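The values are calculated or read from the model by the stated rules, or taken from the named source; none is laboratory data. This one's a predicted model, so the numbers in the text were calculated from it and none came from an experiment. Neighbour counts run over all protein chains shown; Cβ positions are idealised from the backbone, glycine included.
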Amino acid sequence: MKTKITDFFKLVFPSTYSEVAVFLFFIVCYGILGSYIAIHYRIIFDNRIPWDAYFSFDNKSILMTGGSFERHPLSYYFFNWVREFSLFISGGKMDVNFRLTLAWLSNIIITLNIIQVFKYLKNIIYLPLWLSLLITLFFGVFSTNIILSFTPENFTYTLFLLSLYNYYAAIKLRKEEKIPATALSLAGITIGGLTITNFVKVFIPLIFEKDLFRSWKKFGNALFRVAITMICFIVLYLNRIDFKYQNIFSKTNQQYEKFSNVKSMPTWDMIFSFFFGGNILFPGFIMSDKHNMKGFNFKGLYMDLYSSVIPYFFIAILLILISWSYIKNFKNKWVQIIIISFLIDIVIHCVMRFGLHTSYIYGGHFVFVYPLLLGWLFFTYRTSSKMMSFLTLTVAILCTYLLVNNIFRMLEFFWFMENYYQ
């Protein structure tokens with residue numbers, strides 16, 4: 001038991017000097033940002049604003065209710081803990097200390113998410129330290145990580161859990177070990193419990209376990225582990241809704257109709273600017289007048305489509321790089337796991353069009369795939385100095401542009417808060 005606890009802490013938290021350094025760097029950067037916003041503005045949590053204060057995040061709604069049961073079946077229980085802990089720290093008041101606690105919880109979780117990606121690059125792909133640091137820095141300034149670092153939402157914790165599980169599963173495959181039923185069930189309950197569409201992603205690594213389809217015993221064991229996970233999840237889900245399972249279908253259909261029929265923007269542009277772009281490279285922002293249906297009016301901020309050719313060019317280069325990585329590593333089981341997971345989100349948002357007009361907020365479900373695929377691309381050319389130099393220069397240029405653009409857009413975000421959320 002002591003060994004398992006030690007292994008768990010080594011898995012989740014920094015365990016080497018380089019990991020501690022990365023952790024401290026990002027927690028200071030994100031911490032300063034989140035603390036300043038929490039202390040000087042009320043945008044992180046305002047009792048009067050249940051949703052859509054910025055980028056369609058539902059901070060108050062999620063904290064108070066856990067979100068809709070059909071999309072976030074078990075998050076009610078989790079956010080009860082988050083809310084009660086924050087109230088304990090703030091002395092029962094939803095004031096600046098309450099906001100500060102929420103911001104720091106998000107800060108820590110997103111920083112740990114960064115650590116999981118760094119560990120994967122270093123311990124699974126075996127990239128040199130300097131290259132792992134470059135890709136990690138690139139990932140760290142993604143718009144999704146910046147925004148979620150102070151946002152108390154499902155996506156914040158989902159991003160961490162997905163990156164953690166991918167790293168854990170990669171370790172198991174590296175050691176040619178199976179994922180235990182306990183770990184699989186825990187992953188299913190936490191990841192699927194926060195967002196149900198991610199539930200299936202938990203089972204993807206099982207497909208690539210050694211000799212799974214060559215041994216009836218191993219295949220049967222895998223089915224048993226899947227069954228245990230599904231039973232645990234379904235029972236907890238049904239208990240959450242008092243076993244009124246009919247509500248799941250009616251509510252799910254309502255949600256799909258509500259978030260899948262937006263025709264104000266070209267589909268291709270929403271895919272490029274929001275799904276592939278907005279969660280990495282901030283576009284411009286647009287404001288709208290909102291109300292809480294109880295007589296209080298407020299301003300909401302949304303991301304706009306890209307307005308110049310440079311952001312499209314940036315995203316196109318990044319997509320070329322990750323596609324290149326997939327082609328070169330087609331037979332790599334770790335890469336296949338990443339891509340299959342990513343395809344689930346592409347189908348949901350780009351093909352089925354669910355929430356496509358605000359798909360930038362769903363980056364918490366998949367943005368970690370970009371640095372991992374970049375890492376595997378570098379791995380492919382590790383013996384070619386010319387290609388390594390070319391790829392390093394390309395990523396360095398992308399990282400520089402990303403940093404400058406996202407800092408500029410965050411200044412606009414601060415202008416918005418200064419004018420409407422003091």
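In this structure, LYS331 qualifies as modelled with pLDDT under 95 and over 30 Å from ARG48 (Cα atoms). Within the stretch 300-356, the set of residues being β-branched (Val, Ile, Thr) and within 23 Å of ALA169 (Cβ to Cβ) comprises ILE322, ILE327, VAL335, ILE337, ILE338, ILE339, ILE340, ILE344, ILE346, VAL347, ILE348.
Within the stretch 375-390, being surrounded by 15 or more Cβ atoms within 10 Å (Cβ to Cβ), touching a Leu at 6+ places or on another chain (Cβ under 9 Å) and either aromatic (Phe, Trp, Tyr) or farther than 15 Å from THR136 by Cα (or both) holds for PHE378, PHE379, TYR381, MET388.
Of all residues in the stretch 362-419, which are out of contact with any Ser or Thr (no Cβ under 9 Å at 6 or more places or on another chain), β-branched (Val, Ile, Thr) and not in a helix (DSSP H, G or I)? Residue satisfying the conditions is THR383 alone. Applying the criterion of at least 2 residues that are surrounded by 13 or more Cβ atoms within 10 Å (Cβ to Cβ) and modelled with pLDDT under 95 to the helices (runs of 4 or more DSSP H) found wholly in the stretch 1-95 leaves 2-12, 59-65, 75-89.
Conditions (1) of a type in the set (Ser, Thr, Tyr); (2) out of contact with any helix residue (DSSP H, G or I) (no Cβ under 8 Å at 6 or more places or on another chain); (3) closer than 22 Å to PHE203 by Cα; (4) in a helix (DSSP H, G or I), marked per residue:
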position	(1), (2), (3), (4)
PRO283	no, no, no, no
SER288	yes, yes, no, no
ILE344	no, no, yes, yes
HIS357	no, no, no, yes
TYR360	yes, no, no, yes
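Quick check on the stretch 193-227: of everything there that is out of contact with any Ser or Thr (no Cβ under 9 Å at 6 or more places or on another chain), part of a helix (DSSP H, G or I) and small (Gly, Ala, Ser), which residue is nearest to SER68 (Cα to Cα)? Here the answer is ALA227. Restricting attention to the stretch 325-347, the residues being more than 15 Å from the chain's Cα centre (by Cα), buried (at least 19 other Cβ atoms within 10 Å of the Cβ) and over 17 Å from ILE124 (Cβ atoms) number 0.
Report yes if some residue within the stretch 312-324 is closer than 30 Å to TRP51 by Cα, more than 21 Å from the chain's Cα centre (by Cα) and not small (Gly, Ala, Ser); otherwise report no. Yes, the conditions are met somewhere in the stretch 312-324.
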